[in-house]
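A short write-up of the structure that comes next.
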Amino acid sequence: MSLELLPEYIEKVDELFTHELPLNALTVEIERELLPENTAILLEAFPIKPRLMLWKELSSEYQQNIFLEMKNESRQMLLNAMDDDACLPLFDKLDANSLLELTEDLSARFIEYAISKMTAKQRDHFKKAQDYSEEEVGHWQSFDENKIFAKLKVSAAKKICSKKQVACSEVIYIIDNQSVLLGEVAINKLLLLNDEQPLAELIDEEFIFLDSTKNMDEAAEAVILSGKLALPVVDENGCLTGRLDLHSAYKYKEQQTDNQLIQSAGLSEEEDLFSSVWLSSKNRAIWLGINLVTAFLASWFIGLFEATLQQVVALAVLMPVVASMGGISGSQTLTLIIRGLALGQISDANRQAIINKELKVGAINGILWATVIGIITFYWFSNPMLSVTICLAILGNILVASLSGVWIPWILTKFKIDPALSGAVILTTVTDIFGFIAFLGCGTLLLL
């Protein structure tokens, strides 16, 4: 429900920021109405200046919860914008699992500070998790499992369950003196048994477990399909090391799906909606370059028919380059905007700021690749005016693609049409038509 409130709060924050009014009353409402993960999305809907103003008005405990929910790039932007005195409190109460989620691109000084604030037990957990690669379930396992020695009685197990409330837990794990996992006992069954009954008589030895070196993607799938709230994780000796719960498994799978969607357009996995223009340009430039190679390959095949085309051979050979560069540039913007719309990060209040940012990114990549293509074209055809023609067409088409990538999904959403299904088709049509008109139009003016 709170996710549906995001557009309303984006409007409110923008209005207060625009008129330089205090945000403290609104932040109290935000903390009451929005979950931390939704407030993280709200913050990412603004450029860094209003984002910082809103952040500083939030309570310290709420800030810590939001910080854990942010994307890596958004988190790094925040840390870079604040001094260490403001940043360090965010790392005061992290457990091993929370710190593991943050370590990517996190400065060593923050990691060391967070470790220094942990209990000895949490530091040991963090160290054990570091023994595994990020692809292995052992790296991401939680250490909050209910466990008890098999030699004890039901009364002892009841005490553990009453004192230690573990989320996503339906069983207590039974281990021997060497911590080897022997089996499990359902908690709801345990509560009905006689206190003096030995646990060894109750062990369910038919249980599913995960090897600590198992691929995390496969492990998450196994948890989801198991019908259990969590699965135990064991090492090569069969010793219980932790568990992977259903919440963590679903969270991991959702993150993987989101990453695949973003990477399919050549974006970084967690690009912030308002990341720096230079960083966004760099992230997308590589894929534009890859696309350029395939576009010139298509042009080379068309060039095989040079004798037939004769008078317009150069224009015909290079036309796919213009269309393709506009298409890939627009799809990058389109993907980012569709994700922003799906998360409720984009509204009338911040649309113009997004357009301005995307135009700057388009201008940088347009100038870069127009220059590269112009040089290649000159060496290919030894015609300077042809090089100028394609440079103008490429720059113009990438700028139009950037604008279209923002406006097309926005307009489709207004008409209640799913932009994920139809946005790419419309975008390709727009960039192809504009690219061909710009290229052939400039060619008519400059070459004939």
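A few comments on the model shown:
- Spin-label zone in segment 106-124 - amide nitrogen under 18 Å from a point set 7 Å from the Cα of Asp83 along the C-beta vector: 110
- Label-point separation in nm, Ser60 to Ile160, each point 7 Å along Cα→Cβ: 3.6 nm
- Gain in span if fully extended, Asp211 to Leu229, counting 0.36 nm per residue against the direct Cα distance: 4.8 nm
- GluC sites (Glu not before Pro) within segment 79-141: DSSP coil, no more than 15 neighbouring Cβ in 10 Å: Glu104, Glu134, Glu135
- Residue (of Ile373, Ala45, Ala401) at the positive-pole extreme of the chain, dipole from beta-carbon charges: Ile373
- Contour excess over end-to-end distance, with Cα ends at Thr257 and Ala167 and 0.36 nm allotted per residue: 29.9 nm
- The charge dipole of the chain, taken about its Cα centre with unit charges on the Cβ atoms of Lys, Arg (+1), Asp and Glu (-1) only, comes to about 780 debye.
- Entry for Kirkwood radius over Cα pairs in Å (calculated from the structure that is shown) out of (1) 25.6; (2) 22.9; (3) 24.0: (1)
- Modelled FRET efficiency - R0 25 Å, Lys360 with Ile411, Cβ distances, 0.05 increments: 0.70
- Tensor-based shape of segment 33-84 (alpha-carbon gyration tensor, a/c under 1.5 rounded, otherwise prolate or oblate): rounded
- Taking the chain as a Gaussian network of alpha-carbon nodes connected by springs under 10 Å, the highest mean-square fluctuation of the residues Ala120, Ala285, Ala314 belongs to Ala120.
- Free of any trypsin sites (Lys or Arg not before Pro) that DSSP assigns to a loop and that have at most 13 other C-beta atoms within 10 Å, the longest stretch within the chain is 165-415.
- Charge dipole (debye, nearest 20) of segment 87-237; +1 at Cβ of Lys and Arg, -1 at Cβ of Asp and Glu: 1000 debye
Bear in mind that the values in this text are calculations on the coordinates, not laboratory data. Keep in mind that this is a model prediction, so the values were computed, not measured. All Cβ positions, glycine included, derive from the backbone under ideal geometry; neighbour counts span all protein chains shown.
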